[in-house]
Structure formats: structure tokens, C-alpha cells
Amino acid sequence: MLTRNSLLRFTPQSGPPFIKKRRTNIFQKSIKTLAVETSCDDTCVAILEDNRILCNLKKTLSTVVQDGGIIPTKAHVHHQQSLAPLVREALTKANINNVSQDIDLICVTRGPGMPGSLSVGLDFCKGLSIGANNNNKSAPKLIGVHHMLGHLLIPLMFDPHIKFPLCSLLCSGGHTVFVYSHNYYTHEIICDTVDIAIGDSLDKCGRELGIRGNMIAKEMEKYITSNRNIINTNAQNIYQLPKPLSNKAGRKNVLAFSFAGYISAVRKMLSNVPVVKYPEFAYHIQETAFQHLIDKIKLSIELGKIKTNNTKNLQFVCSGGVGSNMRLRKKLEDQLPFKSFHYPPLDMCTDNAVMIGWAGMKLYESLNGVTTDLGATPLKKWSLPDLLKVDGWCHTNK
Ligand code: AMP
Ligand code: ZN
């Protein structure tokens, strides 16, 4: 087993002690993966055979709209009610009769996320891996996966032309990070949010405008698109939205994102101005938040934070729920100097178990059989650069 110290000694240059360079997959056959994602409110289960999706299921917590947000205890109960039936359904749909014989990897989100939600998935998968382990070497291996690594790697499952090193913008309901990745397991955060995530902010701003739905920012995109004929795209001065962490005196070159200020600005505007053109306001909220993302990515390039001579040689990946927004994609492509831009299919942008299965499979392969210890606990916070520095990794394939 790897000790915490041996993992802490790991540097991107030396590689962790268990790495052997090999190109073929470690099982020397196709890999079947059962994947579970329960980090937030959606219960997700998938079964993959290499990069083929045999089954992909999601059960969304139905009370989020009426509650006006996610209540952690309700999410916990939702996973407890949904996960086991969903796994049974997935196994049936994928024609898997015997987990012990037919599944090679059990991949489950270990963090970051809500501890109660994570523990339902992690404990279920620990139990499943023990139950399926009849002391035979081919029994499924357990891999505790980093949720954001799932978002980061999922575009690579669908596009074999994406190569490391690469830059990623991961923008979702819970996270907003700009990352430089050397390989599957070595990642540097270039820019992170100092407060809330862009998806959370857009959801709350949209709610103030009266937009409703399970994913309000998604509904807001539809609202803007369907009203585009009556929107004055040059009216940004009317709406006075903040430019967070901009280069003012004393705050020069702040390399971070911030999205909390938009919500109070929207509330203020709505209470001060009697007639607000709602679709136009929604457009400028979205536009300002996306421009903030882009300005900070540009700043990170100007400051030389991306370790390459020329970003024009680098591929750029955008993923996470907000990454499915077409206006964001257009703005990124118009304004950023990268070689090419890549996105997962739309249904793979928001949380799903396919991305967890794929990321777990890639970790297992690239780290030559790394697995997760049965004593591993859920990680509420887990930064991507610390992927391998946490307790709980072990190596069963020496
Ligand atoms: P995730 O946390 O990755 O599951 O993504 C969910 C977040 O993405 C929520 O805040 C959604 O409102 C947001 N989202 C989903 N689709 C879109 C879209 N098309 N435009 C903007 N935000 C979106
Ligand atoms: Zn997510």
C-alpha cells in the first residue's frame, strides 16, 4: 500500500512511485466499469465498456425547484432511496448478471461535494466491491474519483485528438476553475473563485428575474435566445453590473474569479429601477459573468501563468454545466488565443456518472493499477492539485 509520505513525495517531474510507462490497458482486455456519482443532488449511475456507454442513468431530486435550492438532508435521503434501485436497473439494462465476474472497476465520486451525499455513494460502492470480491484477482477494483477530474477528462472520452498538456475551464454549479493539466493526474489551478461558482451566481440572478426551473441558468439561456429580437446588446451601461477583482488601484492583477457581487447588484437594480427590460437584463448579466471568466483567463496568459511558450499550441477544454452555454462557447472561441476548443456532448456537461467512470478508468490505467482503500472517507474539500496527496490511495497491481 502507498503511504501518505510516498504520495507526498510525488512531483510531476518524478512521477508517483507506482507509475510504469505502458500504453496498453492494464487488464489486456476491454474494461467494464460501474460508475456512481452522488456528490450533490443528482443520483447518477453508468456502466461503460472502455469508452462505450452501455447505460447512463440519472435521478434528479424533485424538490429543488420548490425549495429554491438544494437542502443537504433531502439530497442525502434522495440518494438513499434512489441509488440501489438505479444500480440494479443499470446492471439489468447492461445485461450484467454477475458483478464479480463482469465488472472490472467500481468508480465512485469521493469528493469534493456534500459529505452526506458522497457517503451514500462511497459506502454503497465499498459494500458492492466487498460483496463481489470472492478473493479472486479479477474481482472489481474500487476507485474513489475526484468530481472535477470527471468534468475535466470527459471531453477526452469523445475526442481522441485532445492531448496533454491542455487548459480547461471547469464551470459548474459548485465550481469555477481554470486548470493547466500535464497528464491525467497532474493538474495546476491557474485561477479559482474566491466566493461562489458561476452557475450558482447565474441561478440566483435568474431567480431574482423570476426565471424558474431545476437549472435556472440553463433556463435563462433559453429565455435570452427566445427574446433575442428585443434585446439591445449595447445597453450594458444601463445595467451597472460590477466588474469583480478588476485592475483598480490597490487591486492590480488579481488572478481570481468572483461571482457573488452580481446577485446583490441585480437585487439593487430591480429595487431601484421601476421598469427593467428583463430579457435585456438577463442578457447583460450572462454577458458580464462570461466576460469576467474570459478577462481572467486572458490575465493569466499575460502574467505567464500557463507554462508554455505559446498558448496557440495548446488545446482548450470547457466543461461543467455552464460549459454547455452556446454564448459562452462563442465568446471563448472569439477571444482566447488557443489552438482549438473542445467541449463534451451537451448531456455530459452537467453532473453524470459516465465522467466518473471514465476518469476512474484513466487513473487506474495511467497509475498502473491504483485503487482506493476500503477505509477511505468522503472528502468535502479536495483540490485537483492534491489529487494524489490525500490518504486512501493504494496499489493492488504490483
Ligand atoms: P453541474 O454543477 O456541472 O451539474 O452544472 C449545473 C449548473 O450549470 C447549474 O448552475 C445550471 O444552471 C448551469 N447550467 C446548465 N446548463 C446551462 C446553460 N446552458 N447555460 C448556463 N448555465 C447552465
Ligand atoms: Zn459537477
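In debye to the nearest 20, how big a dipole does the chain give about its Cα centre with +1 on each Lys and Arg Cβ and -1 on each Asp and Glu Cβ? Each step should come with its number before you reach the end.
Values: 47 positive and 31 negative charges, 177 e Å.
Once rounded to the nearest 20, the dipole reads 840 debye.
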Spatial separation of Cα centroids for the stretch 183-240 and the stretch 37-55, in angstrom: 26 Å
Whole-number D in µm² s⁻¹ for the stretch 62-107, Kirkwood Cα-pair radius fed into Stokes-Einstein, 10 °C, 1.306 mPa s: 125 µm²/s
Counting all C-alpha pairs of the stretch 300-379, share separated by more than 19 Å (%): 58 percent
q = 0.12 Å⁻¹: log10 I(q)/I(0) that the Debye formula gives for the chain, counting C-alpha atoms only: -0.95
Lysines with Cα under 25 Å of residue 339, excluding same-chain neighbours fewer than 8 positions away: 163, 296, 298, 305, 307, 312, 330, 331, 362
Cβ-Cβ FRET estimate between residue 254 and residue 327, R0 fixed at 30 Å, reported to 0.05: 0.75
Heavy-atom SASA rank of 222, 331 (probe 1.4 Å, accessible area, largest first): 222, 331
For q = 0.22 Å⁻¹, Debye-computed log10 I/I(0) when each Cα of the stretch 26-92 counts as one equal scatterer: -0.87
Convex hull of the stretch 166-344 built on C-alpha atoms - directionally averaged projected area, nm²: 10.8 nm²
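The values are calculated or read from the model by the stated rules, or taken from the named source; none is laboratory data. Owing to the predicted nature of the structure, the values given are computational and were not obtained by experimental measurement. Positions of Cβ are backbone-derived with ideal geometry, glycine not excepted, and every protein chain shown enters the neighbour counts. The area values use the complete protein model at the heavy-atom level, side chains included, leaving out ligands, DNA and RNA. Shrake-Rupley method; radii C 1.70, N 1.55, O 1.52, S 1.80 Å.
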